[in-house]
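**Q** The following block contains the structure, expressed as structure tokens.
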Amino acid sequence: MSARHIISSLAVLTLMVGALIQGARAQTKPSAAVPDITGSWERHGAGLGARAGGARDATVPPPAPQPQLKPQYAKEWQDRVTAVRAADAKGEPLATNYTDCLPDGMPTMMGAMFPMEILQSRGQITVIEEAFTQVRRILMDQPQKSFDEVEPGFYGRSVGRWEGDTLIVDTIGIKESVRFQNMPHSPQMRITERMKLVSPTVLWNEITIDDPVVLEKPHIYTVAYRRMPNYTLLEYVCEDNREYADDKGLQKIRIN
């Protein structure tokens with residue numbers, strides 16, 4: 001082989017290696033064209049009102065409105081809320097999914113009761129909440145399936161896309177036993193999220209719950225998260241759980 005052929009082959013090899021390196025970097029880093037939301041986050045502004053002097057923190061979203069359910073479902077929901085409050089007042093709380101070590105599912109997990117981590121990678125954004133080590137996968141730039149094609153689960157099927165600096169996520173396929181604030185829903189429930197940085201350290205998530213069977217109109221509320229630069233999620237396993245539900249649906253604790 002001549003020196004000219006050797007030099008040409010080396011040049012081609014160098015270009016191929018460079019392309020492989022760039023491809024690997026693209027798989028581990030979000031595109032420069034979209035915001036970097038990778039990292040740990042905690043709930044921001046929950047329960048906070050106006051600051052002293054009446055000024056309000058602009059990074060804190062407004063309070064969530066009451067959901068507007070159709071009459072037959074509104075009664076079921078209100079009866080459940082009343083029963084929960086009455087049981088709590090008596091010191092005999094009703095059993096919940098937590099009693100059985102079951103996770104929040106969607107959309108409750110996005111309320112970030114515990115810190116959560118967001119990981120951006122090629123083709124997917126992964127959300128991990130510390131509580132119950134919940135893992136949710138958002139498939140990027142993929143078509144959504146029909147309701148009948150999705151096996152109902154705690155997190156459903158989420159597909160997402162970037163529109164400028166806003167992440168739009170569509171989720172369907174949530175089990176009917178997985179409820180947000182005890183609110184009933186049908187298999188036709190759809191959850192739409194619009195996530196956007198409102199400051200370098202605060203991310204807003206506008207969540208819309210749409211269910212033509214149960215709701216009079218879509219229920220829209222916004223949750224805010226604050227960056228936790230030096231935080232690593234802790235292991236959370238529902239181990240040695242002593243809670244159980246008795247035959248009346250009350251939460252009890254095993255002593256022995």
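Just so it is clear, none of the values below were taken in a lab; they were calculated from the coordinates. All figures in this text were calculated on a predicted structure; none of them were measured in a lab. Neighbour counts are summed over all protein chains in view; Cβ atoms, including those assigned to glycine, are modelled from backbone coordinates with ideal geometry.
**Q** Between D210 and C238, what is the label-to-label distance in nm when each label sits 7 Å out along the Cα-to-Cβ direction?
**A** Here the answer is 3.1 nm between the modelled labels.
**Q** Give a residue-ordered list of calculated ³J(HN,Hα) values for region 224-239 (Karplus: 6.51 cos²θ - 1.76 cosθ + 1.60, θ = phi - 60°; whole Hz; x for Gly, Pro).
**A** In residue order, the calculated couplings are 10, 10, 10, 4, 10, x, 10, 9, 10, 4, 8, 5, 10, 10, 7, 10 Hz.
**Q** From the cross-link list K75/K217; K70/K175; K175/K196; K145/K175; K90/K175, which pairs have alpha carbons spaced over 24 Å apart?
**A** With Cα atoms farther than 24 Å apart: K175/K196; K90/K175.
**Q** How many times 2.2 N^0.38 Å is the alpha carbon radius of gyration of region 45-177? Don't skip to the answer; put the middle values down first.
**A** Values: Rg = 18.2 Å, N = 133, 2.2 N^0.38 = 14.1 Å.
Ratio of Rg to 2.2 N^0.38 Å for region 45-177: 1.29.
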